[in-house]
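Just below is one structure, and these are the notes that go with it.
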Amino acid sequence: MTSELKTEHITINMGPQHPSTHGVIRFVIKTDGEIIHECDPDVGYLHRGIEKIAESVTWQGFVPFTDRVDYLASMNANWAYCMAVEEMLGTEVPERAEYIRVIAGELNRISSHLVAIGAADMDMGAITPFVQLLREREYINDLLEMICGARLTYNYYSIGGVNYDLPEGFSIKVMGFLDHFEVAVEQMHRLVTYNQIFINRFANVAAVSPEMAMDYNFVGPNLRGSGVKYDVRRNKPYSIYDKLDFEIPIGTASVGTLGDCYDRYFVRVEEIRESVKILRQCLQQIPEGEIQAKVKNAIKPPVGHKYIRTETPRGDTGYFIYSDGKTSPSRLKIRTGSFTGMSIIPELARNIFIADLVAVIGSLDIVAPELDR
Amino acid sequence: MNLLTDTLGMTEFWANVVIMLIVCTIVFAVFALMSGITSWAERRIAGRMQSRYGCNRVGPQGILQFVADAVKLILKEDLIPDGADRFLYKITPYLCLMGVLATLVVLPLGSRAMMVADLNVGVLYFISITSIVVIGILMAGWSSNNKWSLLGGMRSAAQIVSYEIPVAMSLLTPILIAGSLSVGDLLDSQGWLPWEWTAFQTPFSALAFFVFFIGSLAEGNRTPFDLPEAESELVSGFNTEYSGFRFAVFFMAEYGNVFLIGLSTTALFLGGPNLPGFLQGNPFLSVAVMMLKTIFIMFVVIWLRWTLPRFRIDQLMDLSWKYLLPCALIAFFGQSVFMLVAHQIPAITQITSIVVFIVFLLIMIKFIGRIRTNYKEQSIPVGLN
Amino acid sequence: MNAYFNNIKNGIQTVFEGMSISLASFFVHPITIQYPEDDISSAEKLKETYKGQLGPMPENYRGILDVDLSICTACQLCVKACPIDCIVIDAVKCDKSKVQGTKSEKPAVKTRTCTRFDIHMGKCMFCALCTLACPTGAIVHTKVFEMNKYQLQDLVLSFVSEEEKEKAIKRDSELKVEAAAEKAAKAAKEAEKTEEEK
Ligand code: SF4
Ligand code: SF4
């Protein structure tokens, strides 16, 4: 009798147009009803060949393209690239420019994390916190617009400094905003992060042990969510991060197992708080002075290569540059956090519910353009 | 009736048919209007909760938005996906709508006289007829030839079937109090004062009210139980493939369901259309009271939707079987024991109900305090300008 | 068992808190801008409507590009800076203050004038690299962001009109003629000189 009752796994396409894949990513999942047996991520739908574009534009001209690598954290992407070129040229960035870079970068980190946690909330069906968090992000966009005139693709960092100086009264505005922001975000956490339904959805789901996280080359908040205290800003300090006082939050298994979705989510929540701390310090310490080092009009780095690592909201982002002494890079390679996060999905998405897969994607904070570049 | 038989010379049968048709039209019109307005209200409320406006373009404050939506949907092409089970696919939306509409037969829009039919097994009818919706949803999921829809349909079947039980169990408590299965008798067993309502009679009936409300949310597929249509998981669940008029019908059934949740909760637990003694029988006032309470419950339903995240399917089942069902049973047994005790000491009924109501009031005061603090926190200026 | 009751307790408490928060935000004024009706360029109006919540459009907003041709020297630096080649400049030599009728303190200097200055706004990504590169500040971002057009071709902004172009070309050829005449005169002079020497 039982031999006649054959069941079949159904193969479902999740994506490329699916509300919770955060862009165009496709997952081919084999499910037995609600339970996933196999999940095969299919990436590349948003590949725009940015690395190749680099070979045909000037060194300075590539900065606006780095905006497009990770549209949620353009400032940080600008920063990584500019730093790489500066290292090649041996340019010393003025101190004020470094402070401005940290301010802009941390503001952008906050706004990126707001989207990350907001989108995770929305995947869990809580739409109000998402919209409210986006409202806060909108204020940050306003602030960033004040300093560079654009809201999403900033192109603010230049090789050797930043393009514009801070406008008048900027630090007062940021301080005022932070006072509002801390309270408002805490309230949103009371609305969703500490909500029991939400905790039940995220806790104990898809736990990644520290060893596994390192095996799969996790970076950034995902790695720290598994309890590994590694942050490029601390472990290999660049810019002025060694002068600043901030903590590196790690996953603590506060409600579930170590490295589960909730830990990864909560690390981002904590990082927002740390970023606020950094911003306050920077705004108090920022010196007067130049914002742009002297660089030649036509930049021609010497022949050689350089790999630079920075901590962007999606983790350890690296720019490898090979120069043959011409006006444009000979080869440029971008290493991003989303891609390593993506590679663990087939492993994690085994014997979990479809709804959990959504939670996993949300908690890994995968951004499609950064994944495919 | 007399008018029809005497002056128009109809037979009694035809007169009945005519009256039936008129009543049906009225009920359907109220239902359609309410579901339209609910869809508008939902968007406005959601908007305000999210610091936006919601629809405010069509008509004053956007109230005609639902008309515009309906017109748009009717004008759209009625697509039937390739490989769909055409007959089932076509019939399904009406089945869903029917399941929802048929419930209205035993629910009063106003006082007891304003029921379509005061069946003597009204509560049983109410419980059973709501299950027709699940067949509709299951069929929609199956016939669409879409795996996401199928999953949605399956979820919905599992969900509605398991939530029937706590709902039915929790309804035993008001039935015990009224001693009847007729909705009319349930209305009559409650007074107009809040502590005379079934919900605040005893701690047990309060518990039953709680269980019933959560259960009917789940049966109406509302967040946090909107798994069958879970937008971020199943795209749009069972109605993914529907378009045009058929989708409009689904839409109407969905929002009509919110109206029904309000109506049934009000009628069964919140005192229905009861008025103070000297106003008894005033039809307009009783409709007004009934509608006010219904609208309030509908507001709560919408408010919950825009507050809470969604359950996962296994947690949903856990909630039903491990939490709500025991609660409903406790409510039932507790109420039975309480009634036995109250039979000996009649004064206890009055006292308990007032105590329960006072406890409820205290909770509300605390709640309003929280709202005030949160409002103050939200009003901290940003100072960008 | 403990976990069971904790779950219930936390569930009710957090839902209670969440509902109070969402109702509180129900009473807060929305912050979305009713765009075509509300004037977003003026900070005062925004302040009035949105109680100081929203920042006004900043002065350095990067909207569509504008070129002040009277100070543009047609140096082509912006063309070189643009990573996606959406600026096209053709230029001729001419004394532009004379041609364009602009009054300058200095006497008309022989310089270059654009006969074509097109920016393809459909391609432009508003990166501001051209404005940063421009030595004279001729090319700037404006605060205009409404630029919907019916045709892609309409998105190509031409800053030099046909008339001006013709004027410039004419002046150019005039100048050329003048220069040629001068040259000829010079050559003649030289020829004379050499003849005299002979
Ligand atoms: S860089 Fe400035 S001056 Fe030079 S051509 Fe462009 S707009 Fe004119
Ligand atoms: S803003 Fe950027 S893309 Fe646009 S014309 Fe200037 S340099 Fe080119």
Worksheet entry | Hits in segment A:274-283 (condition: open to solvent by 10 Å² or more (accessible area, probe 1.4 Å) and touching a helix residue (DSSP H, G or I) at 6+ places or on another chain (Cβ under 8 Å)) | A:Arg280, A:Leu283
Item to complete: Sort out which residues of segment C:39-53 are open to solvent by 20 Å² or more (accessible area, probe 1.4 Å) and within 30 Å of B:Ile302 (Cα to Cα), and write them in order of number.
Response: C:Thr49, C:Lys51, C:Gln53
Discussion item. Condition first: within 14 Å of chain C (Cβ to nearest Cβ) and in a helix (DSSP H, G or I). Now tell me which residues in segment A:193-224 satisfy that.
Written reply: A:Thr193, A:Gln196, A:Ile197, A:Phe198, A:Ile199, A:Asn200, A:Arg201, A:Phe202
Worksheet entry | Positions within segment C:67-86 being within 14 Å of chain A (Cβ to nearest Cβ), in contact with a Leu (Cβ under 9 Å, 6 or more places away or on another chain) and more than 10 Å from ligand 2 (Cβ to nearest atom), in sequence order | none
Worksheet entry | Index of the failed condition, A:Tyr99 passing every other in (1) of a type in the set (Phe, Trp, Tyr); (2) assigned to a helix (DSSP H, G or I); (3) under 21 Å from A:Tyr319 (Cα atoms) | (3)
Worksheet item: Out of all the residues in segment A:149-170, is one or more of a type in the set (Lys, Arg) and part of a helix (DSSP H, G or I)?
Response: no
Practice prompt. Working carefully through the options A:Gly149, A:Gly160, find the one that is in contact with a His (Cβ under 8 Å, 6 or more places away or on another chain) and open to solvent by less than 30 Å² (accessible area, probe 1.4 Å).
Written response: A:Gly149
Worksheet item: Based on what the data block shows, is A:Ser209 in contact with a Leu (Cβ under 9 Å, 6 or more places away or on another chain) and either without any contact (Cβ under 8 Å) to a residue 40 or more places away in the chain or among the charged types (D, E, K, R) (or both)?
Response: no
Worksheet item: Can you tell me which residues in segment B:45-67 are of a type outside the set (Ser, Thr, Tyr) and open to solvent by less than 40 Å² (accessible area, probe 1.4 Å)?
Response: B:Ile45, B:Ala46, B:Gly47, B:Met49, B:Gln50, B:Gly54, B:Cys55, B:Gly59, B:Gly62, B:Gln65
Item to complete: Collect the residues in segment C:116-145 that are in a strand (DSSP E or B), near ligand 2 (Cβ under 9 Å from one of its atoms) and of a type in the set (A, V, I, L, M), keeping them in residue-number order.
Response: C:Ile119, C:Ile139
Discussion item. Restricting to segment B:248-281, name every residue that is more than 19 Å from B:Ile302 (Cα to Cα) and open to solvent by 50 Å² or more (accessible area, probe 1.4 Å).
Written reply: B:Gly277, B:Phe278, B:Leu279, B:Gln280, B:Gly281
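Regarding B:Met339, is this residue open to solvent by 40 Å² or more (accessible area, probe 1.4 Å), farther than 30 Å from B:Val30 by Cβ and within 14 Å of chain A (Cβ to nearest Cβ)?
Answer is no for this residue.
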Discussion item. What's the number of the only condition in (1) open to solvent by less than 50 Å² (accessible area, probe 1.4 Å); (2) away from chain A (no Cβ under 12 Å); (3) closer than 30 Å to A:Asp142 by Cα that B:Trp306 fails to meet?
Written reply: (2)
Worksheet item: How about segment B:301-314: which of its residues are touching a residue at least 60 places away in the same chain (Cβ under 8 Å) and in a helix (DSSP H, G or I)?
Response: B:Val301, B:Ile302, B:Trp303, B:Leu304, B:Arg305, B:Ile313
Practice prompt. Among residues belonging to segment C:117-152 that are among the hydroxyl-bearing types (Ser, Thr, Tyr) and more than 10 Å from ligand 1 (Cβ to nearest atom), point out the one that is farthest from the other protein chains (Cβ to nearest Cβ).
Written response: C:Tyr150
Worksheet entry | Residue that is nearest to B:Leu88 (Cα to Cα), among those in segment B:104-162 that are in a loop (DSSP other than H, G, I, E, B) and within 13 Å of chain A (Cβ to nearest Cβ) | B:Asn145
Worksheet item: Does segment B:175-195 contain any residue that is open to solvent by 30 Å² or more (accessible area, probe 1.4 Å), under 19 Å from B:Leu270 (Cβ atoms), away from chain A (no Cβ under 14 Å) and aromatic (Phe, Trp, Tyr)?
Response: yes
Response to the item:
By residue number, the members of segment A:228-249 that are at positive phi and either within 18 Å of the chain's Cα centre (by Cα) or hydrophobic (A, V, I, L, M, F, W, C) (or both) are none
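The values are calculated or read from the model by the stated rules, or taken from the named source; none is laboratory data. From a predicted model like this one, the values you see are computed outputs, not experimental measurements. Glycine gets a Cβ as well: all are built from the backbone with ideal geometry, and neighbour counts include every protein chain shown. All accessible areas refer to the heavy atoms of the entire protein, side chains included, with ligands and DNA or RNA removed. Shrake-Rupley method; radii C 1.70, N 1.55, O 1.52, S 1.80 Å.
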